[in-house]
Each structure stands twice: as structure tokens, then as C-alpha cells.
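Taking it in order: structure first as C-alpha cells, then the write-up.
Just so it is clear, none of the values below were taken in a lab; they were calculated from the coordinates. Just so we're clear, the structure is a prediction, and the values are computed from it rather than from any experiment. When we count neighbours, we look across all protein chains shown, and the Cβ atoms used for this are built from the backbone with ideal geometry, even at glycine.
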Amino acid sequence: MTPRWDYLVKPLGKEYNNTKTIANQEFTINTSIEDASYVNRLGVVCAVPKGGEIPVGSLVVVHHNVFRTYLDAKGKKRKSNEFFRDGEYLVNPQRIYMYKDDKGWKTTKDYCFISPVDYNQDNEIYRSDKKEEEHVGIVKHSSIFEEGEKVGFTKNSEYEFTIDDQKFYRMRHNDICIKFN
């Protein structure tokens, strides 16, 4: 089967990442389908459209609504518009932000992934409410910027992702407004 326009993707694991194992017991840490932060954003490519650049079997990072379940106007649970059948989803290339093949992670289109920087405490005033520097990070995955560059980005441009147990912000290249030396 060859999809016409979109990639055929299966979630890596389940649609939601809302369980935690403690002392060999699995606990559900969130039961709300409305909270997007627990929706799985990693999938595996099962089929590629004609001319697609991402190979079959690649791990992909997708939009948070791809594997999401929602409640319709009558309160019934529904799968996202990307749901195809048998746990597979037809995902538009615009909703795939990064993929991992045998050579490592590669970003798509104009997306990049930035690692946050820890907050630098002032010697005079301690701020317990600050854990990260605002609008500053280190480039981890980008097709334009060098990995390891310290950059500043515009307000509200970042969207949080957890990949390989590490926190990243996904944003577009044009959201990066300064490079620090």
C-alpha cells in the first residue's frame, strides 16, 4: 500500500504517555484526554508517499494532535482526523517535525529543536520560581544552525517536546532572533 499524499505512521507504544512504573507497578498519572502534554508524539513510518523523504521504519516526531482522542459535540470519544485504521494514522508532512534514521535525527521543513538553558541565579536575589532562562537555549537539531550554538528566541514560539528523555522546544528557524557568542 502506498499512500498518495501523507505518511502512514503508527504510534511508538501507545497513543498516550500517561503511565509511570514504580516498584514494578504501573500507575496512570493522568486520565484526562484534554491535556495535550500526555499525548504521544513519537511514531514509526509504515509507508511513504511518492516522493517522500522519510524512509520506512524511521522514528518521527509529530504534532501533538495526531494520536489524540477527543470528545465530539455529543460527548463521544473520537480519534483524530489523521486516524486511518488498525492503529495507523495518515500524517501530512507538515505535521512531521523531525525524523530519525540510521544517521541520527534530522529536522524537516523549517523546524528546529532547542534545549533549554538552566537559570543562572543572581548572587543577591534567589529565585526559586525560575528553573530555566527565558527565551534562551542551545541548538540540538536544526538544518540551518550549528548544534551547540546558544540562541535567543521570540516569546511564545517554543512548544515543549520530550525526546530520548530530554526536554526540547520545537520552533521554526525564523523564531530564533539572536545568536550568542
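Can you find, within region 5-28, the residue that is farthest from ASN65 (Cα to Cα) among those that are hydrophobic (A, V, I, L, M, F, W, C) and surrounded by 11 or more Cβ atoms within 10 Å (Cβ to Cβ)? First the steps, then the outcome.
Kept after step one, since they are hydrophobic (A, V, I, L, M, F, W, C), are these residues of region 5-28: 5, 8-9, 12, 22-23, 27.
Narrowing the set further to residues that are surrounded by 11 or more Cβ atoms within 10 Å (Cβ to Cβ) leaves 5, 8-9, 12.
Details: TRP5: 19, LEU8: 15, VAL9: 13, LEU12: 15 Å.
Taking the candidates together, the pick is TRP5.
Got a number for residues in region 65-82 being crowded, with 18+ Cβ neighbours inside 10 Å and within 14 Å of ILE96 (Cβ to Cβ)? Before you say what the answer is, go through the steps one by one.
Our first condition is that a residue be crowded, with 18+ Cβ neighbours inside 10 Å; within region 65-82, this holds for 66-68, 82.
Applying the additional criterion that residues be within 14 Å of ILE96 (Cβ to Cβ) yields 66-67, 82.
Residues meeting the conditions: 3.
Looking at region 83-106 only, could you name the residues that are buried (at least 20 other Cβ atoms within 10 Å of the Cβ) and within 16 Å of TYR169 (Cβ to Cβ)?
Selection gives TYR97, MET98.
Could we say that SER115 is polar (S, T, N, Q), surrounded by 12 or more Cβ atoms within 10 Å (Cβ to Cβ) and in a strand (DSSP E or B) here? Write out each step before concluding.
On the way: polar (S, T, N, Q): yes; surrounded by 12 or more Cβ atoms within 10 Å (Cβ to Cβ): yes; in a strand (DSSP E or B): yes.
Against the criterion (polar (S, T, N, Q), surrounded by 12 or more Cβ atoms within 10 Å (Cβ to Cβ) and in a strand (DSSP E or B)), SER115 qualifies.
Working only within region 137-181, note down all residues that are assigned to a loop (DSSP other than H, G, I, E, B) and under 21 Å from TYR16 (Cβ atoms).
Quick first cut of region 137-181, residues assigned to a loop (DSSP other than H, G, I, E, B) only: 142-149, 154-158, 164-165, 180-181.
Hits for region 137-181 are ASP164, ASP165.
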